[in-house]
1. Rounded to whole Hz and in sequence order, give me ³J(HN,Hα) for segment 323-333 from the Karplus expression 6.51 cos²θ - 1.76 cosθ + 1.60, θ = phi - 60°, writing x for Gly and Pro.
2. For a protection proxy built on the mean count of beta-carbon atoms within 10 angstrom, sort 259-266, 99-106 highest first, please.
3. Could you tally the net charge around residue 250, taking each other residue with its Cβ under 13 Å from the Cβ of residue 250, Lys/Arg +1 and Asp/Glu -1?
4. Can you give me the distance in nm between label points at residue 24 and residue 281, each placed 7 Å from the Cα along the Cα-to-Cβ direction?
5. Could you give me the ³J(HN,Hα) list for segment 221-235, computed from phi with Karplus coefficients 6.51, -1.76, 1.60 and θ = phi - 60°, whole Hz, x at Gly and Pro?
6. Within a Cβ distance under 12 Å of residue 90, other residues only, what is the Lys/Arg minus Asp/Glu net charge?
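Throughout, read-outs are computed from the coordinates displayed, never taken from laboratory work. Not measured: the values here are computed from a predicted model. Cβ sites come from the backbone with ideal geometry, for glycine too, and all protein chains shown count toward neighbours.
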Amino acid sequence: MNIPVGKSDPEWLPIARRVLERLQKRGDDGSSVCTVIEHAERHLKDALKRRRKLGAAECCFEILRQYSSWTPLLVSHDRNAVGGGYFFCAKDYGIVIDPGHGFLSNFCKTPHALSDINAIVVTHLHTDHLQDLESLANLFRIQNRAANKPNGHEPPSQVIRISREIHATLTGTNLSGESSLGIPYRKPLFLNTGALVKSMPWLFNEEIRNLFDLRILNPGDGPIQLTDDVVLATFRAEHDELIDNRYCLGLVFNCAGRVVVISGDTGWYPEVTEGIRRALKMVNAGDRVDLLVAHLGSIKASEFALLNGDLSLGSSRYKTHLGIIGVCALIEELNPKLCVVSEIGEELAPVLKDIGKVLNEELKTQVHLADVFDQIDLPLSSTGVPTIVARPQLKLPHA
Ligand SMILES: [Zn+2]
């Protein structure tokens, strides 16, 4: 719609002009709204154009979150408390896992570029696992617009689009077709059913949809060959997703022989361990786990009932997260080389050191309590215990 000019100018137009004139003028420090906007746009363009940083010899798992679902839904006093998700550098293939609150701002503080992201996996619909996915998709959209062709390819023809629809309808598993149909490579986006349902309003925007190879991931899926060296399988996590509790995922990756298990948000039940073992087999890992990322959630008062002779796990366990009982159980059952305890309730912050000390003294596995920006290196040249690199410098605010 055109703004009327001339005699029929609306009364507010001179006011808007005066506001713009004043904002255009430079202040004492030489800056104006215009220069600030230019700077911001240049910053965004530079970020989108940054070149890949991943190396083919790398395998490392980066923690880009802190605390559990309650943060930042409840007010936090820790400015670094926000953040959802992980970034897994699997050789030269970058996988975003569960981009929740603040994922993007944390990711931008790492040395990685947006173009380092090759695939995205979302285990369930809770905001601390999903919130930033839409923003991420929008950044890819801007990036592709700047390149003027989606993912370096021309937009798919009508014929290809229709064949994708047919394929999606017939299989129910792949809404956008596969490379075997001769369709250009797009970023695989793996969503569990809940995350798909929640993302539908924006995900089915045609431009965004064409950026991704969208796949529904169900518990027990796999092996999914992401590259020649990287395989993924899933298992069922026992977690209430509001719409249902049957679709939450835990993940198992095998990256060139290094095996990473992410418990996802799940209560501990024997079936969870069985599911993990099946997934380990699917990715050809046998029983070997190099890194277990265990989602504690919190420690419930009810868990201490085990001390009172109540050996019924049914009444004492934390049902939607591992809790301390589930963390102990999973570590003992899987015997990983390293366990990183993550998704920790912020209320436990004052006693984190105690928890880490007790777990390390009582369990034979090395246990580390996750901190935002921790990087877990799994060298491909050895089969040794993964090493933890803390990166406190990334916690500093941007200059
Ligand atoms: Zn959750």
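1. Residue by residue, segment 323-333 yields x, 6, 5, x, 4, 4, 4, 5, 5, 5, 6 Hz.
2. Ranking the peptides 259-266, 99-106 by packing returns 259-266, 99-106.
3. Around residue 250, the charge tally is -4.
4. Calculated label separation equals 7.2 nm.
5. 6, x, x, 10, 7, 7, 9, 4, 10, 10, 10, 10, 9, 10, 9
6. Residues close to residue 90 contribute a combined charge of -4.
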